[in-house]
Amino acid sequence: MSEPGYTAPDLSLRGAEHVARYRETDGEVGYLWNGVPTLLLTTVGRQSGEKRTSALIFARDGDDYLVVASTGGAPRHPAWYWNLTARPEAEIQVRGLHLPVVARTASEDEKPRLWKIVTASWPNYDVYQTRTDRVIPVVALTPS
């Protein structure tokens, strides 16, 4: 079944393999994923206390890195989002650059503007929102 506005991504590089290849090559492999830039976000598990890393599509708004807690429109927020709500201090890797960041969820007032920025690079976010009843958050990661 095809959804209007949806482009199926190439999923040959994802999850732990995406993270590993990105780290090994400072993003030479994995920075561009399906034609869009990605970063590595490392959070601290809210229950385990262990570091967890996810490869995420990002867009920019000034100095902020914007990521979207979509999980393809799944019914629940991704674990990395819950980790950031519990502890907003995190680290990102953009190619070879490692930055400490502080995360915040976009407010209702600012989300429409930020949503336009993130969907300009990954239009599938609009489709993902139609797949779920939850409001998909946009998260601003501000270098600290």
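If only the Cβ of Lys and Arg carry +1 and only the Cβ of Asp and Glu carry -1, the dipole of the range 26-94 around its Cα centre is close to 400 debye.
For the pair R60 and N34 in one chain, pulling the backbone fully straight at 0.36 nm per residue adds 7.6 nm over the alpha carbon distance.
Surface composition of the chain: carbon plus sulfur atoms hold 51% of the accessible area, using a 1.4 angstrom probe and ignoring ligands, DNA and RNA. Placing unit charges on the Cβ atoms of the charged side chains and taking the dipole of the chain about its Cα centre, the candidate lying farthest along the positive direction among Q47, A20, L32 is Q47. For the chain, averaging the sequence separation of C-alpha pairs within contact (under 8 Å, six or more residues apart) and dividing by the residue count gives a relative contact order of 27 percent.
How many Å² of accessible area per residue for the range 1-141, probe 1.4 Å? Mind showing how you got there, number by number?
Working: 7780 Å² over 141 residues.
In whole numbers, the range 1-141 has 55 Å² accessible per residue.
Between the alpha-carbon centres of the range 63-79 and the range 82-118 there is a gap of 10 Å.
The charge dipole of the chain, taken about its Cα centre with unit charges on the Cβ of Lys, Arg, Asp and Glu (plus for the first two, minus for the last two), comes to roughly 280 debye. Karplus-derived 3J(HN,Hα) values for the range 58-66, using 6.51 cos²θ - 1.76 cosθ + 1.60 with θ = phi - 60°, are 9, 10, 10, 9, x, 7, 7, 9, 9 Hz; glycine and proline are entered as x.
Sort D63, D126, D109 by accessible area with a 1.4 Å probe, largest first.
Values: D63 115, D126 75, D109 145 Å².
Result of the area sort, largest leading: D109, D63, D126.
I need the fraction of alpha carbon pairs in the chain separated by more than 18 Å, rounded to a whole percent.
Numbers: 5719 of 10296 pairs.
Value for the chain: 56 percent of Cα pairs lie more than 18 Å apart.
Considering only alpha-carbon pairs that sit under 8 angstrom and 6 or more positions apart, the relative contact order computed for the range 22-99 is 34 percent.
The values are calculated or read from the model by the stated rules, or taken from the named source; none is laboratory data. Predicted model, so just to flag it, every value in this text is computed and none were measured. Glycine also receives a Cβ, built like all others from the backbone with ideal geometry; neighbour counts cover every protein chain displayed. The accessibility values were calculated without ligands, DNA or RNA, using every heavy atom of the protein model including side chains. Shrake-Rupley method; radii C 1.70, N 1.55, O 1.52, S 1.80 Å.
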